[in-house]
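So the structure is just underneath, and the comments pick up after that.
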Amino acid sequence: MAKGVRPTKTTNQTSSVPEGSESAMSTEPEVTASVDEPRNDPMPMPEPATNRDRLPLSGIRVIDVGNFLAGPYAASILGEFGAEVLKVEHPIGGDPMRRFGTPTTRHDATLAWLSEARNRKSATIDLRQPEGVQLFLKLVAKSDILIENFRPGTMEEWGLSWPTLQAVNPGLIMLRVSGYGQTGPYRRRSGFAHIAHAFSGLSYLAGFPGETPVLPGTAPLGDYIASLFGAVGVLIALRHKELTGRGQLIDVGIYEAVFRILDEIAPAYGLFGKIREREGAGSFVAVPHGHFRTKDGKWVAIACTTDKMFERLAEAMERPELAAPELYGDQRKRLAARDVVNQITIEWVGSLTRDEVMRRCLEKEVPVGPLNSIADMFNDEHFRARGNLARVEAEGVGEVVVPNVIPTLSETPGRVTNLGPPLGNATYEVLRELLDISAEEIKQLRARKII
Amino acid sequence: MAETDTTLPLAGIRVIDAATVIAAPFCATLLGEFGADVLKVEHPIGGDALRRFGTPTARGDTLTWLSESRNKRSVTLNLQHPDGARVFKELIAQTDVLCENFRPGTLEKWGLGWDVLRKINPRLIMLRVTGYGQTGPYRDRPGFARIAHAVGGIAYLAGMPKGTPVTPGSTTLADYMTGLYGCIGVLLALRYREQTGCGQYVDAALYESVFRCSDELVPAYGMYGKVRERHGSHYNEFACPHGHFQTKDGKWVAISCATDKLFARLANAMGRPELASSSVYGDQKVRLAHASDVNEIVRDWCSSLTRAEVLERCYATATPAAPLNDIADFFGDRHVHARRNLVAIDAPDIGETLIMPNIVPKLSETPGKIRSLGPKLGEHTDEVLREWLGMDDEQIGELRAKRVI
């Protein structure tokens, strides 16, 4: 159990911060304070940021009205780097991710919710009621970024079309993530990552040739990838807004985000009619390049992408003659003799323990790595040294270990301020302070189940 | 002159991509699509190894190079030569962003470490991508995406239960994902710099990118000691059915019923609405407890119909389903065409039209642009040395004679 994990330096442990104490609820954007640079210095070095709380997105307000991960993860990243993220949820039950995965002692939070709804406050608004829509529009007017992932057409049905949103906030940046995107004949089809992996062509490629295609490692992969592209789009649009005052819409289909990252599959079919098939544990570009079982029943990955790497592997195997040009020194020859080269590697790896294979390969600088399970990763000194595992206090649950922020920025490292919030923990604060709605009116909205 | 569109959000931003293969260069590709002027700085002999990764074209450079080095200009420069290092520093003084992926310590060895470069250009933003990051005990190990998939835990999870772990669909996932994280880091750093004048570096590790995208894997082990194993073709931990099913014509479909409502739709599609009653399989917990029975029912149904029939019935009831497309299916799909996910670009030097993935994401006001395919090695060396550094023919000739460029 979580042995050897220690708190990480890049994470501010802010379990003691009371809800609502953050200055980010101010309706005014933060004043941009410039850092003084030393004068008369021909090569001025920037002063280290004097206020370590200042982050690249300080003063930016994000509304995340999405469910699960595709889109909301982009909001998580923005939150890690300083944005104030407000999760707007349905008053009954909220985001279904609160119920997806392993439950905790808190009825409104699974572990997935706690980890991935980090750095948010929750406000409940029923968008299916006209009064809820009016409240939501008021919030949008005071925000910079809106992130949603309903089925295309849903927000329009509620009276929250892009023109309406843009009318209340011309500088608004809206990220829309859906299975198939906002246009095209399939736009209304429901699309989860599993569906997008299939449609994009990724699932077809996972597994052994001629056998059942398997899941590509992790179920929500496409949700994360779509969110990464979405976050790139939001940051580019933010720059455009700051230059011109104009907002815009970002449209991401999960399938197209996954398809975009399949290297040469499209041009190779377009030019040569080549249909890539499942490759098992290997790869069409290089040999040996795959997963090999060690004597102790564990697995290692070895990747000899170049002749140089294979030469090193041959040395690690104490069979340098294999790398001779007339044998397997040349990648094309290795690809032609794929089965033989793989068999040699299988036999060598199978004769040694994982630790021994790792040691010999690393000594010769062969690209090698253990196929880590989550238990392996918790016990790994490099994960520890990089601070990849963060211990963060979750309200009502206690300490939870979650993946830390990436990427690592030298001057403005991101942070995890809090884990997935209780449902509606900031509804009152948001309505009262941000929208200046009276306590009495809030009471009535609550009684009518609009919030 | 760089033909960037001055209306794009990153117009005027200069990027030096001194990296190789896909990871850090993909960050530069994304920046270039949205208006940045990207210089690919390559070794004079052979250049970027991506030119040789995958299927070669008549020009020699591979398809991946032509597609992924879109919008870049190629400048050759030998950084190991003192004059090359000097020219590189002059370029750094003129740039906003540097992308690199040398093994930690390499640039430092050439006198081009962060401390040196930031003195030359305090506003510099430097993206450093490596297999294991700039810190930690494994930082010097060679790392490719394949290794990162193993170390980051995704390879362990792909494959049949207890069977050989397989490639999680693509060998370059971690490269692209790290390029995306790197791009996010660079864009954040650019915004911070414009407010404070302060540059910084972004430290991205390939293994961290796949590790980060693991839903509850980390907290579930941390709290309950739960070790996730390979799921094969059916993810039966939280949702059932959720997997791949073979159809009568030997093709495959993906079906996913994350909620009871979605299972009810599937039951309707199968013409067996009674399966979704609360006394049968209407409840996710019951379905998970009897996953093999439920999967068997869906498998039998799928195998009695062609792929087109299964999908037609699923779509009619709004059940989440899709074909497992191969690339030929994808090229032939009308939605793909409507979304313009494929773009055809003439490559006159190989006498062909190249079809490649179009830009993601789609921005309404400032859509990205593909202006050119991957350049020839050193195609723009002279033009850039003149344009950025004001060199004349004599200076350029001297560098060439010394094989610095």
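The values are calculated or read from the model by the stated rules, or taken from the named source; none is laboratory data. Treat the numbers as computed from the prediction; the structure is a model and nothing was measured. Neighbour counts run over all protein chains shown; Cβ positions are idealised from the backbone, glycine included. Side chains included, ligands, DNA and RNA excluded: accessible areas come from the protein's heavy atoms. Shrake-Rupley method; radii C 1.70, N 1.55, O 1.52, S 1.80 Å.
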Exercise for review: Provide the descending list of Cα extents for region A:324-434 along its principal axes, expressed in whole angstroms.
Suggested key: 78, 28, 28
Exercise for review: Apply 1/(1 + (r/R0)^6) to the Cβ-Cβ distance of B:Asp140 and B:Arg272, taking R0 = 60 Å, and write down the FRET efficiency to the nearest 0.05.
Suggested key: 0.50
Exercise for review: Using Cα positions and a limit of under 16 Å, work out the lysines in reach of B:Lys89, with same-chain residues fewer than 8 apart set aside.
Suggested key: B:Lys40, B:Lys109, B:Lys119
Point to revise | For region B:141-194 versus region B:62-88, the gap between their alpha-carbon centres in whole angstrom | key: 24
Practice item. Might you report the magnitude of the Cβ-based charge dipole of chain B about its Cα centre, with Lys and Arg at +1 and Asp and Glu at -1, to the nearest 20 debye? Key: 760
**Study point:** Selection from A:Thr412, A:Gln444, A:Ala336, by position along the positive dipole direction of region A:311-451 (Cβ)
**Key:** A:Gln444
Check your understanding: Average projected area of the Cα convex hull of the protein assembly as shown, in nm²?
Key -> 34.8
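Relative to the present Cα-Cα distance, how much length would full extension add between A:Ser351 and A:Ala385 at 0.36 nm per residue of separation?
Result for the pair: 9.1 nm of gain on full extension.
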Exercise for review: Work from the charge dipole of the protein assembly as shown (Cβ charges, +1 for Lys and Arg, -1 for Asp and Glu, about the Cα centre) and give the residue of B:Ile16, A:Leu243, A:Leu423 farthest towards its positive end.
Suggested key: A:Leu423
Review point. Mind checking the mean number of beta-carbon atoms from other chains within 10 Å of the Cβ atoms in A:76-82?
Key: 3
Practice item. Can you work out the PRE-style zone for A:Ile92? Point 7 Å along Cα to Cβ, and I want the residues of region A:128-145 with backbone N under 18 Å. Key: A:128-133
Review point. Extension gain B:Ala49-B:Ala93, at 0.36 nm per residue separation less the Cα-Cα distance, in nm?
Key: 13.2 nm
Study note, to complete from the structure: Ranked by GNM mean-square fluctuation in chain B (Cα springs under 10 Å), the top entry among B:Gly368, B:Gly113, B:Gly169 is B:Gly169
Check your understanding: Relative to the longest principal axis of chain B, what angle (0 to 90°, nearest 10) does the C-alpha long axis of helix B:260-269 take?
Key -> 70
Exercise for review: Go through chain B and flag any cysteine with no other cysteine's C-beta closer than 4.7 Å, please.
Suggested key: B:Cys99, B:Cys198, B:Cys213, B:Cys240, B:Cys257, B:Cys302, B:Cys314
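For peptide A:278-291, what's the mean number of Cβ atoms from other chains within 10 Å of each residue's Cβ?
5
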Review point. For region A:289-377, which whole-number percentage of the solvent-accessible area (1.4 Å probe, protein heavy atoms only) is attributable to carbon and sulfur atoms?
Key: 49
Review point. Based solely on its DSSP helices, what 222 nm [θ] is calculated for chain A when runs of n ≥ 4 H residues each add -39,500 (n - 2.57) and the sum is averaged over all residues, nearest 500 deg cm²/dmol?
Key: -9000 deg cm²/dmol
Study note, to complete from the structure: Farthest towards the positive end of the dipole of chain A, among A:Gly201, A:Trp299, A:Thr124 and with Cβ unit charges of +1 on Lys and Arg and -1 on Asp and Glu, lies the Cα of A:Gly201
Exercise for review: Using label points projected 7 Å from each Cα along Cα→Cβ, tell me how many nm separate B:Arg334 and B:Thr317, to one decimal.
Suggested key: 2.4
Review point. Taking the simple approach of a point 7 Å from Cα along Cα-to-Cβ for both A:Glu242 and B:Arg86, what is their distance in nm?
Key: 3.7
Review point. Two-decimal Rg/Rh of region B:100-201 from alpha-carbon positions, Kirkwood Rh?
Key: 1.09
Point to revise | Where N is the number of residues in chain A, Cα Rg divided by 2.2 N^0.38 Å | key: 1.15
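Which helices, taking whole DSSP H runs in chain A, have alpha carbons extending 15 angstrom or more along the helix axis plus mean Kyte-Doolittle at least -0.5?
What comes out of the filter, once short or polar helices are dropped, is A:130-141, A:221-244, A:338-350.
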Review point. When the scattering of chain B is computed by the Debye formula from its Cα atoms alone, each counted once and equally, what is log10 I(q)/I(0) at q = 0.14 Å⁻¹?
Key: -1.25
Review point. Which trypsin sites (Lys or Arg not before Pro) in region A:199-307 pass both tests, a DSSP loop state and at most 13 other beta-carbon atoms within 10 Å?
Key: A:Lys295
Revision key, fill the gap. With +1 at each Lys and Arg Cβ and -1 at each Asp and Glu Cβ, the charge dipole magnitude of chain A around its Cα centre, to the nearest 20 debye, comes out at 840
Review point. Say each of B:Ala308 and A:Ala447 gets a label point 7 Å from the Cα, pointing the same way as Cα to Cβ; how far apart are those two points in nm?
Key: 6.1
Study note, to complete from the structure: Projected area averaged over all directions for the convex hull of the alpha carbon atoms of region A:289-377, nm², comes out at 5.3
Review point. About its Cα centre, how strong a charge dipole does the protein assembly as shown have in debye, to the nearest 20, once Lys and Arg get +1 and Asp and Glu get -1 at the Cβ?
Key: 1200
Check your understanding: With chain B treated as a Gaussian network of Cα nodes joined by springs under 10 Å, which of B:Arg228, B:Arg70, B:Arg339 yields the largest mean-square fluctuation?
Key -> B:Arg339
Study note, to complete from the structure: One finds, for B:Arg371 and B:Gln395 with R0 = 25 angstrom and r their Cβ-Cβ distance, a FRET efficiency to the nearest 0.05 of 0.30
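Using only DSSP helix segments of four residues or longer, with each worth -39500 (n - 2.57), what per-residue ellipticity at 222 nm results for chain B after dividing by its residue count and rounding to 500?
It lands at -11000 deg cm²/dmol.
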Check your understanding: Each residue of region B:6-18 in order: what ³J(HN,Hα) in whole Hz does its phi give by Karplus 6.51 cos²θ - 1.76 cosθ + 1.60, θ = phi - 60°, with x for Gly and Pro?
Key -> 5, 8, 6, x, 9, 4, x, 8, 9, 10, 9, 9, 9
Check your understanding: How many times 2.2 N^0.38 Å is the alpha carbon radius of gyration of region B:292-367?
Key -> 1.61
Practice item. Go through B:204-216, A:143-155, B:291-303 and give me the packing order, highest mean Cβ count within 10 Å leading. Key: B:204-216, A:143-155, B:291-303
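Taking each residue of A:220-229 in turn, how many C-beta atoms of other protein chains fall within 10 Å of its C-beta, and what is the average?
Neighbouring Cβ atoms belonging to other protein chains average 6 per residue here.
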Review point. So how tilted is helix B:307-316 from the main axis of chain B? Cα-based, degrees 0 to 90, rounded to 10.
Key: 80
